[in-house]
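Report on one structure; see the data block that follows.
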Amino acid sequence: MADGNPVLSGVHGKHFTGNNLLILDLSIDLEAAMNWKGALFGTEFLQFNGQATNRDAGVAQGFNSITGDPPLNRSELYQLWLRQEFLDKKVSIRIGKTVPIYHFNNVSKPVPTDNPMVFIPSVSGLIFAPLFVNTTLLGAIGGYYNSVYGITLTIAPTKEAYINAGIFDGNLARGVQTGIKVGPHFDGYYFSIAEVGYGWGGGKPGIAAIGGWYQSGHLHIGSVSQHGMGGIYAFGSQALWIQDSDKTNKGNLSGFWQFGWSNSKTLPMDLFFGAGLTAFAVIQSRPYDSLGMGVSWSRLNKNLFPRASELMFQGYYQMQLRSWLYFQPVLSYIPNPGEHPHQPNVCVVTARMMMLF
């Protein structure tokens, strides 16, 4: 994946930034390989070379999710885990170095069940960070590109419902770049989270979920400190209109919503709302293209930002050039950039290429 980001208005740093990302994945079905029933092994390598795209635009929430905290040039063991299934696939445990945002509070990939009726092919192609991690969890939950060591338990009593629970290394909350650290660090800072979700099929499939989390340890930012913090979140997605139910998704329209709250005094944001719409195959001759828009609002930590809140709008068109190659132009508009109190607005264009191999 690679992108370029020219700032059209509201330049805070550089006028143009670029980023590129490579992820190599290896997974082994251990049941097929060595007759280990219900076992799966996975590992990933991550190489990122980029720039401070969001900070240069003065955007607190992150209009571009591919880049985060420094170091902005990194090679890391991104994932290394073992997953074991029990009780006819109704219970599974994943242990090792993982990416919790793949399994918790993920509106873009929300259903860890095996029911094909409870499935929206792609909730959204938005690239802003709030789609992938609720902003009230930024800096606490492990994710891209700061994976963490821990354990995740999934219980799926039916094909439509699930319960996820996990406990992880919580040192990210005190500023440790866990993605590039070798080995687990269980030293009094733990991040625990649980989520319950239910999906439905029928003519318009969808899902809704609610969760809660807690971060332990002594946390501080500047002169502000607290012992432990926690929060709640919820999200949902729904197919709103389906013209053709075949696998090309011709004419489909889907939507999603997000909410988050925390009692944190040290994280960047403590209240969040988000929503978006996605249309598939707007041009009938291009069944694998999608068009979407989204909005994100977050209340900012007054100890970190000069503004009280930040609002962000984003729209995109994702086109398939080849079965393995996608091009996506994106327009982001932020009327009140959180890190830029004297700038009335920021408008940025992102051009992104994605290659699957």
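No lab work stands behind these numbers, since they all come straight from the coordinates. The structure presented is a predicted model; accordingly, all values stated were derived computationally and were not measured. Quick reminder, even Gly has a Cβ in these numbers, built from the backbone with ideal geometry, and neighbours come from all protein chains shown.
Potential lengthening of the chain between Leu277 and Phe41 amounts to 81.5 nm, from the contour at 0.36 nm per residue minus the alpha-carbon distance.
Springs join every pair of Cα atoms under 10 Å in this Gaussian network model of the chain, and among Phe41, Phe235, Phe313 the largest mean-square fluctuation is at Phe41.
Determine the calculated [θ] at 222 nm for the chain from helices alone, applying -39500 (n - 2.57) to every DSSP H run no shorter than 4 residues and normalising by the residue count; nearest 500 deg cm²/dmol.
-500 deg cm²/dmol
Shape analysis of the stretch 1-80 yields a ratio of the Cα radius of gyration to the Kirkwood radius, Rg/Rh, of 1.22.
The phi torsions of the stretch 19-30, fed into the Karplus equation with coefficients 6.51, -1.76 and 1.60 and a -60° offset, translate into couplings of 9, 9, 9, 10, 10, 10, 10, 10, 10, 10, 6, 6 Hz, rounded to whole numbers, with Gly and Pro shown as x.
Note on Ile28 and Arg307: the model spin-label points, each 7 Å out from Cα along the C-beta direction, lie 4.9 nm apart. Could you tell me how many cubic angstrom of Cα convex hull volume the chain has per residue? Enclosed volume per residue, from the Cα hull, is 133 Å³.
Available extension along the chain between Trp257 and Met355 is 32.4 nm, counting 0.36 nm per residue and deducting the alpha carbon span.
Of all the options Trp257, Trp213, Trp36, the one that moves most in a Gaussian network model of the chain with Cα springs shorter than 10 angstrom is Trp36.
Considering only Cα atoms, the convex hull volume of the stretch 242-335 works out to 127 Å³ per residue.
Local charge sum around Gly217 (other residues, Cβ-Cβ under 15 Å, Lys/Arg +1, Asp/Glu -1)?
Values: positive: Arg174, Lys265; negative: Asp169, Asp187.
The answer is 0.
The distance between label points at Val182 and Ala52 comes to 2.9 nm (points 7 Å beyond Cα on the Cα→Cβ vector). For the chain, the residue among Leu304, Leu72, Leu172 whose Cα projects farthest onto the positive side of the dipole built from Cβ charges is Leu304.
Projected area of the stretch 32-71, taken from the Cα convex hull and averaged over every viewing direction, in nm²? Walk me through the intermediate numbers first.
Numbers: hull surface 19.6 nm².
Projected area, direction-averaged: 4.9 nm².
For the pair His220 and Ala208, label points projected 7 Å from Cα toward Cβ lie 4.3 nm apart.
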